[in-house]
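FYI, it's all coordinate maths here, none of it is from the lab. What you are looking at is a predicted structure, and each value in this text was computed from that prediction instead of being measured. Quick reminder, even Gly has a Cβ in these numbers, built from the backbone with ideal geometry, and neighbours come from all protein chains shown.
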Amino acid sequence: MPSGVLVFGEATEDGKLNPVTAELLGAAQRLGGPITCALLGAGVEGLAQECAGFGAQKVIVVDDPILAEYQGDAYLPPAVRITKEVDPSVVLLPQTMKGRDLAPRLAQRLNTAVAMDCVAIEQQSDKLIAERPAYGGSARARYTFNGSPQIVTVRAKALEPAQARAGAQAEIVKQPAGVTPDQVRTRIIDRRKEKAEGVRLEDAKVVVGGGRGMGGPEAFGQLEELAHILGGAVGASRAVCDLGWYPVAAQVGLTGKIVTPDLYIAVGISGASQHMAGISSVKNIVAINKDPDASIFKASRWAVVGDWKDIMPAFTAKVKELKAS
Amino acid sequence: MPHIICLAKQVPDPETPASQFRVDEAAKRVIPAPGIQPVPSQFDTIGVEGALRIKDKIPDTTITILSLGPDSSRDTIKHCLAMGADEGVHINDPAVNEADHWATAEVLAAAIQKLAPYDLIIAGRQAVDWDMGVVGSTIAEILGVPVITIGKDVQYENGVVRVERVLMDGFETVEAPTPCVVTVSNELGEPRYPQLRQIMLAARKEVKAWTVSDLGIPTPQNRTKLEALFVPETKVETEFIDGDTPQEKAEKLAGRLREAKLI
Ligand SMILES: Cc1cc2nc3c(=O)[nH]c(=O)nc-3n(C[C@H](O)[C@H](O)[C@H](O)COP(=O)(O)OP(=O)(O)OC[C@H]3O[C@@H](n4cnc5c(N)ncnc54)[C@H](O)[C@@H]3O)c2cc1C
Ligand SMILES: Nc1ncnc2c1ncn2[C@@H]1O[C@H](COP(=O)(O)O)[C@@H](O)[C@H]1O
């Protein structure tokens, strides 16, 4: 009988444990049963103890140079092998670039299904219920699975993380990847980072979001100024990124980044469901929009109807003054 | 003569205003908004655009559009043909009306095998109804071919596909031998819009209609069950900041944020 939860942990590019791992392990604890954490990558062995602290009873580490850069073909064989070995009832992966690429292929190799990008999971008698946004965030869908294991990818910052316990012990097992280079059919030719200065969008406590209503790329300077004063970051709607006014890496929303600041200031953004999907857990939204019927206002705690060109300079000046006092 | 198969799903218009978006909770279905026609899923026309850019460079490329769906899905195929694709295949079978993502992938993979040989299969990063993002990769696994997801640029030459992928904080370029599946994202660019002449030409292009039995596979079983579909509640009390001048509104707003200790 399959039992327990297998969590695929993830390391960040600078070799730390991606915080989403603690969220997955928190969810695993609430589901109940034995918890195994798998860590795949190169240079990830040192993170095993941290996973134990978050409640994993067993950590399977596959630390192998062939996994240095994510490629589905390289990650898949160890992921399939570990899942078969552990024989869990539930498998959790993060909805990250890696998780969203790996999970559907893992599901297919195991003849099962995956519910992608879930924001809530619960166990009801012997069934897992996976809840996820659909229709660009306009709807929520709940799924159950006909087969096993029940695989779910989880949206970052949607679930309560496990609390770290010092001195927690886990059985740590090292395994080779068991992948030969000829099994990896893809080849990475080149990788470039879009340079992000200052606070990372995902970590920012304040995000100033700009939309098509900004009218052009130059106007984003004003948003950057405000973000700088508030120690925050600038985000953008897809319309803005598609127009090339601001880098793709700043896109907030369904197909961009999910952000969770304490305060989101939306300027010239209409509030399409796909944009709101990226800020659905933000409690304090301010919207500045010249259209009194803009749908962003429905989700906003404070609404200012007006042209941003008239509002922003005075607002920024006042914020600066208040910050200084 | 490269052969590219583009997957295209018809969906309710994702730009339906929120005020007109309704679900039938008992039937677990979206109620079509009055007067708003279903459309080709956005990332799928972007995929066709990617295929057409290859055809622009290699003119003897054949592009086949493959769609599974009800009668109206033919409109989606016709739209893609009017964009410049060559042939259409419509899998229209009540037996798979309720197909989940895995049953859909199995049917599409069987159709692709029937359309072989093929070099490239292009799918959307996700269909914009359920936003699941699994069918492209699942098909690659069924067919045993490599897959590159979330592409913004797709180049094909001599049995090698080279895809620029969108990462969270940048881009990477990945190569794979064909046949191969590629899924595409909006960063690829705007899909071309059919001109009148092309729409007329497309009327003459062939759309084959197949059922599951034409594919020589048993009707695939669903692996998931949709238990509920609903519109999530958003209850926010909005304060409209008033004032006689923009300056007054702006200062009042800043004051509110200070009171709430947000700045
Ligand atoms: C499958 C899919 C995925 C998507 N994913 C995303 C996503 O991840 N992120 C995302 O953002 N979008 C996404 N979209 C696009 C989304 O549907 C909207 O098209 C987009 O968010 C609109 O951007 P916008 O609000 O900047 O522009 P618009 O909708 O054009 O709104 C501009 C707003 O600015 C206001 N305005 C104009 N001038 C001024 C002024 N001078 N002062 C004040 N206000 C002004 C207008 O009143 C209007 O409300 C997706 C769409 C689809 C179909
Ligand atoms: N019924 C369908 N007919 C044709 N293509 C489909 C269908 N369902 C999914 N696809 C393709 O698979 C992609 C991803 O879909 P999904 O996994 O459902 O989000 C879509 O963008 C389409 O390219």
In whole Hz and in residue order, list the ³J(HN,Hα) couplings for the stretch A:230-247 that follow from phi through the Karplus curve 6.51 cos²θ - 1.76 cosθ + 1.60, θ = phi - 60°; x for Gly and Pro.
8, x, x, 9, 9, x, 8, 7, 5, 3, 5, 5, 4, 7, x, 7, 8, x
Test item: B:233-241 mean partner chain Cβ contacts at 10 Å
5
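Is the C-alpha gyration tensor of chain A telling us rounded, prolate or oblate? Criteria: a/c under 1.5 is rounded; beyond that, a/b larger than b/c is prolate, otherwise oblate.
Prolate is the answer for chain A, as a/c is 1.5 or above and a/b outweighs b/c.
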For A:F54, enumerate residues with amide H under 5 Å from its amide H, sequence gap 5+ or separate chain, H modeled in the peptide plane.
A:R165
Given charges at Cβ of Lys, Arg, Asp, Glu: chain B dipole, positive-most of B:V107, B:P146, B:S19
B:V107
Can you give the calculated 222 nm mean residue ellipticity of chain A, where each DSSP H run of n ≥ 4 adds -39,500 (n - 2.57) and the sum is split over every residue, rounded to the nearest 500 deg cm²/dmol?
-7500 deg cm²/dmol
Within the stretch A:1-80, which trypsin sites (Lys or Arg not before Pro) sit in a loop by DSSP and count at most 16 neighbouring Cβ atoms inside 10 Å?
A:K16
Taking the Cα centre of each part, how many Å lie between the stretch B:1-39 and the stretch A:61-95?
34 Å
Residues whose built amide H sits under 5 Å from the amide H of A:L128, excluding neighbours closer than 5 in sequence, are A:F145
Which cross-chain or sequence-distant (5 or more) residues have an amide H under 5 Å from the amide H of B:V11, H modelled 1.01 Å from N in plane?
B:V39, B:S41
Could you work out how far helix B:42-57 tilts from the main Cα principal axis of chain B, as a 0 to 90 degree angle to the nearest 10?
50 degrees
Rounded if a/c is under 1.5, else prolate if a/b is larger than b/c, else oblate: which is the stretch B:3-215, with a ≥ b ≥ c the root eigenvalues of its Cα gyration tensor?
rounded
Note on chain B: contact order normalised by length, alpha-carbon pairs under 8 Å, 6 or more apart, percent, works out to 23 percent
Quick one: order A:C51, A:C241 by neighbouring beta-carbon count within 10 Å, fewest to most.
A:C241, A:C51
Structure shown: which of A:K157/A:K205; A:K298/A:K323; A:K195/A:K323; A:K283/A:K318; A:K205/B:K249; A:K320/B:K261 lie over 19 Å apart, alpha-carbon to alpha-carbon?
A:K298/A:K323; A:K195/A:K323; A:K283/A:K318; A:K205/B:K249
Proximal aspartates and glutamates relative to A:K309, as straight alpha-carbon distance under 18 Å, when same-chain residues fewer than 8 apart are discounted:
A:E218, A:E224, A:E225, A:D291, B:D242, B:D244, B:E248, B:E251
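Taking the Cα centre of the protein assembly as shown as origin, sum charge times position over the Cβ atoms of Lys and Arg (+1) and Asp and Glu (-1), and report the length of that vector in debye to the nearest 20.
The dipole magnitude comes to about 340 debye.
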Lone cysteines in chain A, defined as no other cysteine's Cβ under 4.7 Å from theirs: which are they?
A:C118, A:C241
Taking the Cα centre of the stretch A:123-248 as origin, sum charge times position over the Cβ atoms of Lys and Arg (+1) and Asp and Glu (-1), and report the length of that vector in debye to the nearest 20.
380 debye
Can you give the helix-only mean residue ellipticity at 222 nm for chain B, where every DSSP H stretch with n ≥ 4 adds -39500 (n - 2.57) and the sum goes over all residues, rounded to the nearest 500 deg cm²/dmol?
-8500 deg cm²/dmol
Looking at A:W308, A:V282, A:S237, which one has the Cα that reaches farthest to the positive end of the dipole of the protein assembly as shown (charges on Cβ: Lys, Arg +1; Asp, Glu -1)?
A:V282
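Please arrange A:M97, A:M1, B:M200 by counting, for each residue, the other beta carbons lying within 10 Å of its beta carbon, fewest first.
A:M1, B:M200, A:M97
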Near A:K174, which aspartates and glutamates are there with a Cα under 20 Å away, not counting those fewer than 8 places off in the same chain?
A:E10, A:E45, A:E50, A:D63, A:D64, A:E69, A:E85, A:D87
³J(HN,Hα) across the stretch A:212-222 via Karplus (A = 6.51, B = -1.76, C = 1.60, θ = phi - 60°), whole Hz, x for Gly/Pro?
4, x, 5, x, x, x, 4, 4, 5, x, 5
Roughly what would the spin-label model give for A:A168 and A:K84, points 7 Å off Cα along C-beta, in nm?
3.0 nm
Applying the gyration tensor rule to the Cα atoms of the stretch A:206-324 (axes a ≥ b ≥ c; rounded if a/c under 1.5, else prolate if a/b exceeds b/c, else oblate), the class is rounded
Based on the Cβ-Cβ distance of B:L196 and B:D71, what FRET efficiency does E = 1/(1 + (r/R0)^6) give at R0 = 25 Å, to the nearest 0.05?
0.55
Relative contact order (percent, whole number), chain A, Cα cutoff 8 Å, 6+ residue spacing:
14 percent
Charge dipole magnitude, Cβ of K and R +1, D and E -1 - the stretch A:5-183, Cα centre, debye nearest 20:
580 debye
From the backbone phi of the stretch A:140-151, what are the Karplus-calculated ³J(HN,Hα) couplings (6.51 cos²θ - 1.76 cosθ + 1.60, θ = phi - 60°) in whole Hz, Gly and Pro given as x?
10, 10, 10, 10, 10, 10, 8, x, 9, x, 8, 9
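Arrange the following residues from fewest to most other Cβ atoms within 10 Å of their Cβ: A:F145, A:F54.
Going from sparsest to densest Cβ surroundings: A:F145, A:F54.
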Give the relative contact order (percent, whole number) for the stretch A:5-183; include only Cα pairs under 8 Å separated by 6+ residues.
29 percent
Positive-pole candidate from B:V181, B:C6, B:G124, dipole of the stretch B:3-215, charges at beta carbon:
B:C6
Once the in-chain neighbours fewer than 8 apart are removed, the lysines whose Cα is under 24 Å from B:K55 read B:K9, B:K78, B:K114, B:K152, B:K205, B:K208
